[in-house]
Amino acid sequence: QVHLVESGGGLVQPRGSLRLSCAASGSIFSRYAMDWYRQAPGKQRELVATIGRYGSTNYVDSVKGRFTISRDNAKNTVYLQMNNLKPEDTAVYYCKMLSASGDYWGQGTQVTVSS
């Protein structure tokens, strides 16, 4: 069993920045890719960014150049640095691990971009 705990969300003005963290329990973190998803009110959950076990990254087009996903395997933590935030980035952000035993999700952290 893996537990994922997100933190770092909050209220920020447009063009501001936030860094989300997702800490994983257990000892398997380094073996698997990690994803950040988000879900805005009334919308489907959307894959935002992925980082492979060796650090390769992918982003949805709407965040390219603004968001950066990274990981620290020694700390069992994945990060999402979000810069130049826009109101349309407002959502609950979730991290996910797809392991050999299935998907694990965190509880989510709210990000609100508003003036």
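The values are calculated or read from the model by the stated rules, or taken from the named source; none is laboratory data. No experiment lies behind these values; they were computed from the predicted model shown. Neighbour counts run over all protein chains shown; Cβ positions are idealised from the backbone, glycine included. We work out accessible area using only protein heavy atoms, side chains counted, and drop any ligands, DNA or RNA first. Shrake-Rupley method; radii C 1.70, N 1.55, O 1.52, S 1.80 Å.
Being in a strand (DSSP E or B) and in contact with a helix residue (DSSP H, G or I) (Cβ under 9 Å, 6 or more places away or on another chain) is the filter here; which residues of the range 81-98 pass it? Lay out the reasoning, then the answer.
Step one: filter the range 81-98 for residues in a strand (DSSP E or B), giving 81-82, 91-98.
If the condition is that a residue be in a strand (DSSP E or B) and in contact with a helix residue (DSSP H, G or I) (Cβ under 9 Å, 6 or more places away or on another chain), then Met82, Met97 are the ones that fit.
Please name all residue pairs, on different chains or six or more residues apart, with Cβ atoms under 9 Å, provided the first residue is in the range 1-25 and is without any contact (Cβ under 8 Å) to a residue 12 or more places away in the chain and the second residue is of a type outside the set (S, T, N, Q) and outside any loop (DSSP other than H, G, I, E, B).
The qualifying pairs do not exist here.
Suppose we filter Val78, Val5 for residues that are β-branched (Val, Ile, Thr) and open to solvent by less than 20 Å² (accessible area, probe 1.4 Å); which single one remains?
Values: Val5 fails: open to solvent by less than 20 Å² (accessible area, probe 1.4 Å).
Of the residues listed, the single one that is β-branched (Val, Ile, Thr) and open to solvent by less than 20 Å² (accessible area, probe 1.4 Å) is Val78.
Please work out which residue is least open to solvent (accessible area, probe 1.4 Å), limiting yourself to the range 8-55 and to residues that are more than 22 Å from Arg66 (Cα to Cα) and aromatic (Phe, Trp, Tyr).
Of everything passing the filter in the range 8-55, Phe29 is least open to solvent (accessible area, probe 1.4 Å).
Output the residues belonging to the range 47-98 that are among the charged types (D, E, K, R) and touching a residue at least 60 places away in the same chain (Cβ under 8 Å). Give the derivation first.
Taking the range 47-98 and keeping what is among the charged types (D, E, K, R), we get 53, 61, 64, 66, 71-72, 75, 86, 88-89, 96.
If the condition is that a residue be among the charged types (D, E, K, R) and touching a residue at least 60 places away in the same chain (Cβ under 8 Å), then Lys86, Lys96 are the ones that fit.
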